[in-house]
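Take a look at the structure set out below.
The values are calculated or read from the model by the stated rules, or taken from the named source; none is laboratory data. No experiment lies behind these values; they were computed from the predicted model shown. When we count neighbours, we look across all protein chains shown, and the Cβ atoms used for this are built from the backbone with ideal geometry, even at glycine.
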Amino acid sequence: MAYKHGFIPYALAALLIGLVGGFSTVLGPAFVQDIGIAYNNTTWTALAQAMSTAACAPILGKVGDVIGRKKTLLLGVAVFTLGNVLSALANALVFMMAARFIVGVGAAAMGPVILAYIATEFPQDKIAKGFSLYMLLSSASVIIGPTIGGLIVSAYGWRTMLWVCVAICSAVFAGCILTSRNQTSVTKPLQGFDFAGAVLILIFFSLLLCVPSFGQNFGWTSVPFLVCTFLAIFSLVCLVLVERKSDFPVLSGSFIGRRAFILSVLALFLTQGLMQANMTNTIVFVNYTHPNNTAVSGYAISVMYVGMSLGAIVLGPLADKFEPKRILGGSFLLTGIGCGILLLFTQSTSVFLLMASLGVLGFGLGGNATIFMKVVLSGLTPREAGAGTGTYGLFRDLAAPFGVAVFVPLFTNQITAGIAAGATESAAAVAAVHFLAVAEILCVALGIVAVSFLPKRKTAAGNADSSL
């Protein structure tokens, strides 16, 4: 039972990331409107946070292995708080981008140590349940965040909403200090830390996230896009060379090269990116087909997060009792059904059908995300837990921008083409969402194929596939 008590500060941090993240979903549009700049500038504030959250995860996970989980967790909460303070004071786009980048750094410090605690401190037959609890805390807190955050912004403004976030951060920081146990994770000297690799990881993955955004905003043949792409490739080459020579690389080739990691990440990219993409596409679809009732998309998105929470707590723990591949097959099938419901959409689609599509999709995705953590992170030693969970978190966090970069333009471009061909806006939106459904179902099918090649878990007799 000691592992449950020790998890309390990490659970508080997981709740913090989800709750404040949910509040912040309404920040971008309110901020750009307040300072009088174009709406598409919300892309850059979101990108700044996504860059640091993803790129810094393996770096700060490795730092957690060096200085210990407790210190890294408290440092992450403190930096997260500072980023929200600076966000509340921002009066220009560049200032806000820097502030959101700092928020992402704080989240990147907390995420890996939370997962590392579960992977190393929970009993092996309780790990999936631990990851399910993590997913529940993260997803459930996002459900109420946008609603409450939107109400605060409407009544008092976005700065007040951010000061509420700061108050929540401060309360969680105090709670983490009061509930933290003595340091139990292994610590090592900072000497020999892979600083060059850390810098190149930050540069490469930040540029990688910029590539699709630059392509969509400046054009796929524009100078900014081409320069960004070239620099990303160059930094990747440098990163590979540096990590090969490092004695203690941040990105461990032996960890990344495992079959369980490669296939899980491939399946994540094919499916988990559907969440962010379908939320955006649902809003666009509703704007074209229900122009006088755009609130319905908000209801549907809330149901999606409810579905993710239920999927995490219903499907996730089953991976402790049964072969994870079997459970993943079922959760992927649900994901495909959620995408398939899109084929039933018409110009008069009801809110209940929208909710059904995103709800079933979310249920499947919640199960997927939880079980993949079990498959990839089980068996990590305390000395490598932070770096391993950070590396996995990096690729997991890249899945959503990837999905947005692929499926959002696919959907909107189909609408544009349909209107150009003479269709009405609503008819073009329906045709586009049907085309999107077929593309997503194909991706889910490929994800199921990838899952089928995952190695089996250890058996009761101790036999196991060594690649796991």
> Does the stretch 375-396 include one or more residues that are polar (S, T, N, Q), in the same structural domain as F322 (by TED's automatic domain parsing), over 22 Å from the mean Cα position of the chain (by Cα) and assigned to a helix (DSSP H, G or I)?
Replying inline: no
>> Quick check on G422: is it assigned by TED's automatic domain parsing to the domain that holds G273 and part of a helix (DSSP H, G or I)?
In response: no
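Sort through F407, F411, F435 and tell me the only one that's part of a helix (DSSP H, G or I) and within 20 Å of the chain's Cα centre (by Cα).
That would be F407, the only listed residue that is part of a helix (DSSP H, G or I) and within 20 Å of the chain's Cα centre (by Cα).
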>> Being part of a helix (DSSP H, G or I), under 21 Å from K456 (Cβ atoms) and at pLDDT below 85 is true for just one of S297, S264, S302, S254. Which residue is that?
In response: S254
>> So T370 passes all but one of these: (1) in a loop (DSSP other than H, G, I, E, B); (2) crowded, with 24+ Cβ neighbours inside 10 Å; (3) among the β-branched types (V, I, T). Which condition number does it fail?
In response: (1)
> Looking at the stretch 71-81, is at least one residue in contact with a Phe, Trp or Tyr (Cβ under 8 Å, 6 or more places away or on another chain), touching a residue at least 12 places away in the same chain (Cβ under 8 Å) and closer than 23 Å to L208 by Cα?
Replying inline: no
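Residues are listed down the side, and each one gets a yes or a no for (1) of a type in the set (S, T, Y); (2) within 17 Å of T391 (Cβ to Cβ); (3) at pLDDT below 90:
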{"position": "G192", "(1), (2), (3)": "no, no, yes"}
{"position": "A198", "(1), (2), (3)": "no, yes, yes"}
{"position": "L202", "(1), (2), (3)": "no, yes, yes"}
{"position": "L207", "(1), (2), (3)": "no, no, yes"}
{"position": "V211", "(1), (2), (3)": "no, no, yes"}
{"position": "F230", "(1), (2), (3)": "no, no, no"}
{"position": "C238", "(1), (2), (3)": "no, no, no"}
> Does A119 count as in contact with an Asp or Glu (Cβ under 6 Å, 6 or more places away or on another chain) and closer than 21 Å to A2 by Cα?
Replying inline: no
>> Contact list please: Cβ distance under 9 Å, first residue in the stretch 150-177 and on the phi > 0 side of the Ramachandran plot, second residue among the acidic types (D, E), pairs at least six apart or on different chains.
In response: G157/D34
> What are the residues in the stretch 75-122 that are of a type in the set (D, E, K, R) and over 20 Å from the mean Cα position of the chain (by Cα), if any?
Replying inline: E121
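Kindly indicate whether any position in the stretch 307-315 is under 28 Å from S264 (Cα atoms) and assigned to a loop (DSSP other than H, G, I, E, B).
Going residue by residue through the stretch 307-315, those that are under 28 Å from S264 (Cα atoms) are 307-315.
Filter once more, so that each one left must be assigned to a loop (DSSP other than H, G, I, E, B): 315.
Looking for residues that are under 28 Å from S264 (Cα atoms) and assigned to a loop (DSSP other than H, G, I, E, B), one finds at least one in the stretch 307-315, hence yes.
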>> With the structure loaded, tell me whether A140 is in the same structural domain as Q49 (by TED's automatic domain parsing), in contact (Cβ under 8 Å) with a residue 60 or more places away in the chain and crowded, with 23+ Cβ neighbours inside 10 Å or whether it fails that test.
In response: no
> When both residues are 6+ apart or on different chains and their Cβ atoms are under 6 Å apart, which pairs have a first residue that lies in the stretch 336-363 and is closer than 14 Å to I441 by Cβ, and a second that is outside any helix (DSSP H, G or I)?
Replying inline: none
